[in-house]
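Quick notes on the structure that follows.
The values are calculated or read from the model by the stated rules, or taken from the named source; none is laboratory data. In this text the structure is predicted, and so the values were computed from the model without any measurement. As a convention, Cβ positions derive from the backbone with ideal geometry for all residues, glycine included, and neighbour counts pool all protein chains shown. Areas reflect the complete protein model, heavy atoms only, side chains present, ligands, DNA and RNA absent. Shrake-Rupley method; radii C 1.70, N 1.55, O 1.52, S 1.80 Å.
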Amino acid sequence: MPELVSTVVPVITVDGPSGVGKGTVTRALVRRLGWHRLDSGALYRLLALAAVARGLSLDDVAAVAGLAAELDIRFGERADGSECILLDGNDVTRQVREERTGGLASQIASAGVVRQALMDRQRAFRQAPGLIADGRDMGTVVFPDAVLKLFLDASPQARAERRLAQLSEQGTPAILADLCAEIEARDRRDRGRAVAPLKPAEDAVTIDTTQLTPDQVMDGIDVLLTARAVR
Ligand code: DC
């Protein structure tokens with residue numbers, strides 16, 4: 001009998017609230033496994049930026065959703081390894097990562113019609129040899145058949161401190177209390193929305209990273225990868 005080989009492209013999902021370190025974990029997994037990456041938050045951010053650039057009201061969710069299919073989005077890397085994001089041919093890397101853009105993304109993300117409009121675009125990232133997808137509903141909605149579902153969590157204070165350190169490295173001044181308030185507001189909206197709220201999938205492994213270094217988080221994930229024979 002010939003051996004049956006699964007042709008399904010494997011997916012690992014990394015969900016969690018903003019500033020919890022999903023990007024760090026996802027990039028480490030991409031390096032380790034050589035799989036593709038979907039940064040789904042960047043898609044919501046890009047859609048919000050495009051809507052604002054076209055003068056749409058973010059409350060007009062049907063118009064915003066209509067934009068989703070026509071956006072020309074390119075994710076790339078510069079020579080020094082840093083990310084580069086093009087929207088309709090324009091370099092928007094810096095704008096995409098601004099706190100304000102995160103807030104706008106969270107706002108449009110509460111509309112079911114917008115989430116549905118981005119669904120096919122997200123699933124199109126599933127290509128051999130595998131995909132690491134990070135966001136809020138990767139394990140619950142977009143890739144429910146993922147081979148490993150991770151849910152990262154940390155206190156709002158710890159996440160705000162990490163964000164402050166990141167911003168000061170980039171030379172951007174910020175105030176800890178403001179960052180903490182923004183993170184808490186975004187948490188409330190992302191966890192409280194009716195469609196695809198932020199929550200761990202039933203079969204997700206939750207890791208509280210509040211007291212852990214990135215290396216300690218990766219050590220825990222390595223154990224899970226070995227246990228599930230993901231390589
Ligand atoms: O991960 P991020 O901070 O780049 O995401 C920005 C916003 O986009 C976040 O506050 C909520 C929304 N989002 C979402 O609703 N679902 C996803 N899968 C990813 C992001």
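Points worth noting:
- Note on Val195 and Ser57: their simple-model spin labels are 1.8 nm apart, each label 7 Å out from Cα toward Cβ.
- Measuring with a 1.4 angstrom probe and ignoring ligands and nucleic acids, Ile73 comes out at about 30 Å² accessible.
- Residue-span extension gain [Leu167 to Glu98] - 0.36 nm each, minus C-alpha spacing: 23.8 nm
- Solvent exposure of Val195, expressed as accessible area, is near 60 Å², computed with a probe of 1.4 Å over the protein chains only.
- In the chain, Cα pairs under 8 Å separated by at least six residues give a relative contact order of 31 percent.
- Cβ-based net charge around Ala229, under 15 Å, with every Lys or Arg adding one and every Asp or Glu removing one: +2
- Applying both filters, DSSP loop and at most 11 other Cβ atoms within 10 Å, to the trypsin sites (Lys or Arg not before Pro) of the range 40-104 gives Arg54, Arg78.
- Diffusion coefficient of the range 54-159 by Stokes-Einstein, Kirkwood radius over Cα pairs, 10 °C, 1.306 mPa s: 99 µm²/s.
- Extension gain for Val113 to Arg188 (0.36 nm times residue separation, less C-alpha to C-alpha distance): 25.0 nm.
- ³J(HN,Hα), Karplus 6.51/-1.76/1.60, whole Hz, each residue of the range 88-94, x for Gly, Pro: 6, x, 9, 6, 10, 3, 5
- For Thr206, distant residues with modelled amide H under 5 Å away: Phe151
- Counting 0.36 nm for each residue step from Asp153 to Val8 and taking away their Cα separation leaves a gain of 49.3 nm.
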